[in-house]
Amino acid sequence: MLAETVQEWTREWEARGLQKGLHEGEARVLLRQMRHRFGPTPAWAEEKVMAADLPTLERWAEAVLDAGSLEEVFR
């Protein structure tokens, strides 16, 4: 029983680690895209990116391709 519990915890930790890694990777790419397109990224934008969930980051990563300004990315 203890071994099963430990295995379940391990699976949960791995899943959380994967989610965190996906989030961090998507956020880094988005920040890099924004810097390339609009220049230095203000702190407020970086904070917004780091606080967003994964689906929102994905939406913004697409929006940055067509946005005329940094503010438009977040609309």
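The values are calculated or read from the model by the stated rules, or taken from the named source; none is laboratory data. Here the structure is a predicted model, which means the values were calculated and not measured. Every residue, glycine as well, gets a Cβ built from its backbone with ideal geometry; the counts of neighbours run over all protein chains shown.
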Go through segment 53-75 and give me each residue that's exposed (fewer than 14 other Cβ atoms within 10 Å of the Cβ) and among the polar types (S, T, N, Q). Ser69
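Take Glu58 and decide whether it is under 12 Å from the mean Cα position of the chain (by Cα) and either outside any helix (DSSP H, G or I) or without any contact (Cβ under 8 Å) to a residue 24 or more places away in the chain (or both). Even if it seems obvious, please write down each step before you answer.
On the way: under 12 Å from the mean Cα position of the chain (by Cα): yes; either outside any helix (DSSP H, G or I) or without any contact (Cβ under 8 Å) to a residue 24 or more places away in the chain (or both): no.
Here the answer is no, as Glu58 does not meet what is asked.
Can you go through Val49, Val64 and tell me which one is at pLDDT 95 or above, on the phi < 0 side of the Ramachandran plot and within 9 Å of the chain's Cα centre (by Cα)?
Values: Val64 fails: within 9 Å of the chain's Cα centre (by Cα).
Selected residue: Val49, the only one of Val49, Val64 that is at pLDDT 95 or above, on the phi < 0 side of the Ramachandran plot and within 9 Å of the chain's Cα centre (by Cα).
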Within segment 1-52, of all residues that are outside any helix (DSSP H, G or I) and touching a residue at least 12 places away in the same chain (Cβ under 8 Å), the one surrounded by the fewest Cβ atoms within 10 Å (Cβ to Cβ) is Pro42
